[in-house]
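Read the structure below first, then the notes.
The values are calculated or read from the model by the stated rules, or taken from the named source; none is laboratory data. Computed from a predicted model, the values in this text were never measured in an experiment. Virtual Cβ from ideal backbone geometry, glycine too; neighbours counted across all protein chains shown.
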Amino acid sequence: MGLPPVTIEAELGPSQIEMTFAPTAGLDVADQAILARTTIRHIARRNGFQASFMSRPQIDHESFPSGWHLHQSLVASNDSTRSSLFAPTDSTMLMSDLGRQYVAGLLRHAAAACLLTTPTVTGYKRYRPRAITPDRVSWSREHRGAMLRVIGGQGDPATRVENRVGDPAANPYLMVASQILSGLDGIKNRLTPPPPTESPYEPEGGELLPRTLGEAIDHFDTSAMFRNTLGDTIVDYLVTLKRSEWNRFNTTVTDWEQREYFDLF
């Protein structure tokens, strides 16, 4: 089927499975994500099961939610070795200057990009401290609680940055686009990231990620970068679509509200 899985293993939640795929070019990543999701759901249904890519389904309140961790690097188009341009030449540096600029772009536009990386109401219930998920706009070396985790270093041709913010239900094309546009904006403007943190859940770790889909919509709606790159037509369309979804959620009485208040008052 053209899918290059590297690992398939059981995760921490009930019937939760993690899959990793071999690195490939941006558009191919999105194509493979669509194919994998569709195939898994169809095969599961054919065998009497339900496979879901919902970030935090109503299965076990204490279980770990699902995320989409997108690894990213840049390579020179004329380099047959496909070595990462993020690898530093100095062992004291976490990344090359180019890599740091790319990271700075991801950090600057993280809140606005959330509408594309986490486009569901439920996805924001995943952002919890100390749950191996990010809840702040931060970057770090190898810390799985940070939004951006740098893997590799001097001499490592696979040096890359892993963005751990994504929702498995995200549109792969929009998610990948949000990362490329944000990172390239950092390179274009030679942005400098703040120092990496080893305390991603503390206030000094960075600004909080959007807490709700509504907050993410507002950030995306007012993002000059996304309006300049995606265009007003696409931004306005997505904002209108998602505001409708958010409004439908806010006017729906949930099971929690019924249990909390019905017998109490």
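Points worth noting:
- Matching residues, segment 236-265, being assigned to a helix (DSSP H, G or I) and acidic (Asp, Glu): 236, 245, 255, 257, 260
- Only one of the numbered conditions (1) of a type outside the set (A, V, I, L, M); (2) within 24 Å of residue 190 (Cβ to Cβ); (3) surrounded by fewer than 23 Cβ atoms within 10 Å (Cβ to Cβ); (4) touching a residue at least 60 places away in the same chain (Cβ under 8 Å) is not met by residue 79, and that is (4).
- Taken over segment 83-136, residues that are more than 30 Å from residue 235 (Cα to Cα), among the polar types (S, T, N, Q) and surrounded by fewer than 22 Cβ atoms within 10 Å (Cβ to Cβ) amount to 5.
- The condition (being part of a loop (DSSP other than H, G, I, E, B) and hydroxyl-bearing (Ser, Thr, Tyr)) is satisfied by just one residue among 197, 233: 197.
- Residue 64 touching a Gly at 6+ places or on another chain (Cβ under 9 Å) and modelled with pLDDT of 95 or more: no
- Segment 11-30, subset part of a helix (DSSP H, G or I) and touching a residue at least 12 places away in the same chain (Cβ under 8 Å), residue surrounded by the most Cβ atoms within 10 Å (Cβ to Cβ): 29
- Single condition residue 98 does not satisfy, out of (1) outside any loop (DSSP other than H, G, I, E, B); (2) under 20 Å from the mean Cα position of the chain (by Cα): (2)
- Number of the exception - residue 44 against (1) in a loop (DSSP other than H, G, I, E, B); (2) at pLDDT 90 or above; (3) surrounded by fewer than 17 Cβ atoms within 10 Å (Cβ to Cβ): (1)
- Unique match (being within 26 Å of residue 34 (Cβ to Cβ), touching a strand residue (DSSP E or B) at 6+ places or on another chain (Cβ under 6 Å) and touching a residue at least 12 places away in the same chain (Cβ under 8 Å)) among 172, 210, 196, 168: 168
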